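One structure is given below, encoded as structure tokens.
The values are calculated or read from the model by the stated rules, or taken from the named source; none is laboratory data. These figures come from a predicted structure and were not determined experimentally. Cβ: placed from backbone, ideal geometry, glycine included. Neighbour counts: every protein chain shown. SASA here: full protein model, heavy atoms, side chains in, ligands and nucleic acids out. Shrake-Rupley method; radii C 1.70, N 1.55, O 1.52, S 1.80 Å.
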Amino acid sequence: VSTVMYDLLKALQPVGVKAYYQYCPMAFEDKGAYWLSATDSIRNPYFGNKMLRCGENKEVLEWK
């Protein structure tokens with residue numbers, strides 16, 4: 001779902017929207033995975049409390 005939403009945001013470029021495209025290299029047996037967030041804080045959805053802050057911001061999506 002995050003990949004489809006990322007592509008949609010990039011295509012539509014909605015004014016006033018700010019989203020963070022975040023990445024965890026350890027998700028899915030070290031294959032890595034992305035997700036979208038409304039904040040720049042990492043809250044990894046793949047590992048829960050076990051590795052809540054594992055990941056990094058890869059891109060900020062914002063159109064003014």
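What to note about this one:
- Separation of the residue 5 and residue 64 label points, Cα + 7 Å toward Cβ, nm: 2.5
- The length gained on full extension between residue 50 and residue 34, counted as 0.36 nm times the residue separation minus their Cα-Cα distance, comes to 4.0 nm.
- Taking all protein chains together and a 1.4 Å probe, the residues 47, 28 rank 28, 47 from largest to smallest accessible area.
- For the chain, the solvent-accessible area of protein heavy atoms averages 70 Å² per residue (probe radius 1.4 Å; ligands and nucleic acids excluded).
- Lysine pairs within the chain, Cα separation less than 27 Å, 8 or more sequence positions apart or different chains: 10
- Identified option (computed P(r) over Cα pairs in 5 Å bins from 0, in percent; candidates (1) 3, 18, 21, 15, 15, 13, 9, 4, 1, 0; (2) 4, 16, 30, 23, 10, 6, 5, 3, 2, 1; (3) 4, 19, 28, 23, 14, 7, 4, 0): (3)
- Apportionment of accessible area to carbon and sulfur, the chain, percent (1.4 Å): 53
- Computed from Cα positions, the angle between helix 2-12 and the longest principal axis of the chain comes to roughly 20 degrees.
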